[in-house]
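Report on one structure; see the data block that follows.
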Amino acid sequence: MIFRICMQRLGYPIRIFEKIGMSGTTMIAKNARVVLERNLWKKSGLTNGSFGVVVDIVEGLPNPIHPKLPNFVLVKFDNYIGPTWKDSGAVPVTPIKDEVQENGRNYKCTRIPLRAAYAGKILSFY
């Protein structure tokens, strides 16, 4: 199952997400390599930029945070040290609320702080 989160469909202008460094559409699936986009628990290694693998995407339960988002995404992080979900080695990543300011207006949005981990290239100029 591939879960696609389109922020525009959730009612948010795409430029708001670009401002916080996130694309308007995020696609994740089981066994996909992902990167955490928020410090959740520094002491245990759940920090911005942590890599992991999606174990499961849990949806269908009543979601008080946002009805169109999954309840949580189970991710097995590479360097996580701490309790896990039902001894699976995975940690539930739940939707979070962000606030972005643009042109004097505050935009509040709800999102899952994960993105696909693609290969990247670092350029260096001497």
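Rounded to 0.05, the FRET efficiency of the N31 and R105 pair, given R0 = 41 Å and the Cβ-Cβ distance, is 0.55.
Which parts of the range 70-94 would a label at K43 reach, counting a residue when its backbone N lies under 12 Å from a point 7 Å out along Cα-to-Cβ? Residues 82-83 qualify, since their backbone N sits under 12 Å from the label point.
For the pair E59 and D87, what calculated FRET efficiency results from E = 1/(1 + (r/R0)^6), where r is the Cβ-Cβ distance and R0 = 25 Å, to the nearest 0.05? The computed FRET efficiency comes out at 0.70.
Amide H to amide H distances under 5 Å link V93 with V73, L74, V75, where only residues 5 or more positions off or on other chains count and H is placed in the peptide plane.
The numbers here are math on the coordinates, done by the rules we state, and not lab data. Remember, predicted model here, so these are calculated numbers, not experimental data. All Cβ positions, even for glycine, are placed from backbone atoms using ideal geometry, and neighbour counts span all protein chains on display.
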